[in-house]
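The structure appears right after this line, and notes come after that.
The values are calculated or read from the model by the stated rules, or taken from the named source; none is laboratory data. Quick caveat, the model's predicted, so the values are computed rather than measured. Here the Cβ positions follow ideal geometry from the backbone for every residue, glycine too, while neighbour counts run over all protein chains shown.
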Amino acid sequence: MIRKRGTVTNKRKQSGSPRLSPRLSAIAAAVSPGCVPADIGTDHALLPVSLVLKGSVSRAYACDVGAGPLSRAAAHIRACGLEGRVETRLCDGLSGLKPGEADCVVIAGMGGELMVRILSDAETLRSHEGTGFYDTVKEWILSPHTEHRAVRHYLRTHGLRLVSERLVEEDHKFYLILKAIPGDGNAPYEASQRAGFSEEAAECFGPCLLREPTLVLHRFLTARLRLLTRAEQVLRCASDPGSGPGSDPGSQRKKKRAAALSKQCNLLRELLQKTKAVSGTHMDSENL
């Protein structure tokens, strides 16, 4: 698992609560007050400790697959005097929890492929009574570093409905925070289609984000377009324009990849035009 999900921008606030990075602050804001969260891949347990110290939740679980990170989490919990309120679990994904112990699951700081694997594994974990996590967890808060579309597709096809999406810009990088609850996974996509966005656009860039565009989204789409445009140009230059079909399999693969990138770039240009159309009205980076 990728470890460094967040940093403490100052050692501690005067209240004793860790000062969270903008990304972790946005994740914390997505956690509903009064729930019992389980932070998967907790590292230093910054998130659960902050939530308990602020009084947003009364208790929490800090879970990690690595003994070293979990030891650091336990030391941080002890330093804050929260041994009885933040409990550590050494486990892969949700395997160290019992269904019903936590009603909010936070998974952040890792790639989308690993996140989908953890979500898929959680479907098979059940108590002796047959109760599963998908029966007991009320909200899933996910922040994948990569493969956003794969995570959205999984939620959509496994009975989890996106209720909010937020993009946070930190240190010139963009981070996505998704919040999903049990329900009709197709509902937000149907709403985005009614708003004029294609299914592909919604899965790639977010049905909630596209319906309520922000300045951060506009910057994200612009940066993505620049990146893919450069990649397309490199691939086209690397392929041999004079080679015949099938004469150079490597060249043909590059051409196909360049064509796919060109299609994605066209989609991005279309979305940029739509987000630009509202840039002078309600585009507020916190309006998500």
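Scanning the range 145-184 for residues that are of a type in the set (Gly, Ala, Ser) and over 14 Å from the mean Cα position of the chain (by Cα) yields Gly159, Gly183. Please work out which residue is nearest to Val52 (Cα to Cα), limiting yourself to the range 89-110 and to residues that are in a strand (DSSP E or B) and among the small types (Gly, Ala, Ser). The residue in question is Ala108.
Select from the range 160-178 the residues that are of a type in the set (Lys, Arg) and either surrounded by fewer than 24 Cβ atoms within 10 Å (Cβ to Cβ) or at pLDDT below 95 (or both) and write down the one among them that is farthest from Val106 (Cα to Cα). The extreme case among them is Lys173.
Do you know which residues across the range 229-242 are surrounded by 15 or more Cβ atoms within 10 Å (Cβ to Cβ) and either assigned to a loop (DSSP other than H, G, I, E, B) or of a type in the set (Ser, Thr, Tyr) (or both)? Result: Thr229, Ser239. In the range 234-286, the residue that is nearest to Val168 (Cα to Cα) out of those that are in contact with a Leu (Cβ under 9 Å, 6 or more places away or on another chain) and modelled with pLDDT under 65 is Ser285. Reported count of residues in the range 78-95, each being among the polar types (S, T, N, Q) and either at pLDDT below 95 or in contact with a strand residue (DSSP E or B) (Cβ under 8 Å, 6 or more places away or on another chain) (or both), is 1. Residues that are within 26 Å of the chain's Cα centre (by Cα) and among the β-branched types (Val, Ile, Thr) were ranked within the range 220-238; the one that is nearest to Cys204 (Cα to Cα) is Thr222. All conditions in (1) surrounded by 15 or more Cβ atoms within 10 Å (Cβ to Cβ); (2) farther than 30 Å from Ser251 by Cβ hold for Glu199, with the sole exception of (1). Of all residues in the range 58-86, those being surrounded by fewer than 20 Cβ atoms within 10 Å (Cβ to Cβ) and either out of contact with any Ser or Thr (no Cβ under 8 Å at 6 or more places or on another chain) or hydrophobic (A, V, I, L, M, F, W, C) (or both) number 16. Considering the range 213-233, the residues that are polar (S, T, N, Q) and farther than 26 Å from Ala195 by Cα include one that is modelled with the lowest pLDDT, namely Gln233.
Could you tell me whether Val137 is touching a Cys at 6+ places or on another chain (Cβ under 8 Å) and in contact (Cβ under 8 Å) with a residue 12 or more places away in the chain? Taking the combined requirement at face value, the residue satisfies it. If you go through the range 43-73 and keep only what is within 19 Å of Val105 (Cα to Cα), in a helix (DSSP H, G or I) and not hydroxyl-bearing (Ser, Thr, Tyr), you end up with Leu46, Leu47, Pro48, Val49, Leu51, Val52, Leu53, Pro69, Leu70, Ala73.
Within the range 12-32, is even one residue in contact with a strand residue (DSSP E or B) (Cβ under 7 Å, 6 or more places away or on another chain), modelled with pLDDT of 95 or more, surrounded by 24 or more Cβ atoms within 10 Å (Cβ to Cβ) and in a strand (DSSP E or B)? Within the range 12-32, none of the residues are in contact with a strand residue (DSSP E or B) (Cβ under 7 Å, 6 or more places away or on another chain), modelled with pLDDT of 95 or more, surrounded by 24 or more Cβ atoms within 10 Å (Cβ to Cβ) and in a strand (DSSP E or B). Restricting attention to the range 121-147, the residues being buried (at least 20 other Cβ atoms within 10 Å of the Cβ) and under 16 Å from Glu203 (Cβ atoms) number 2.
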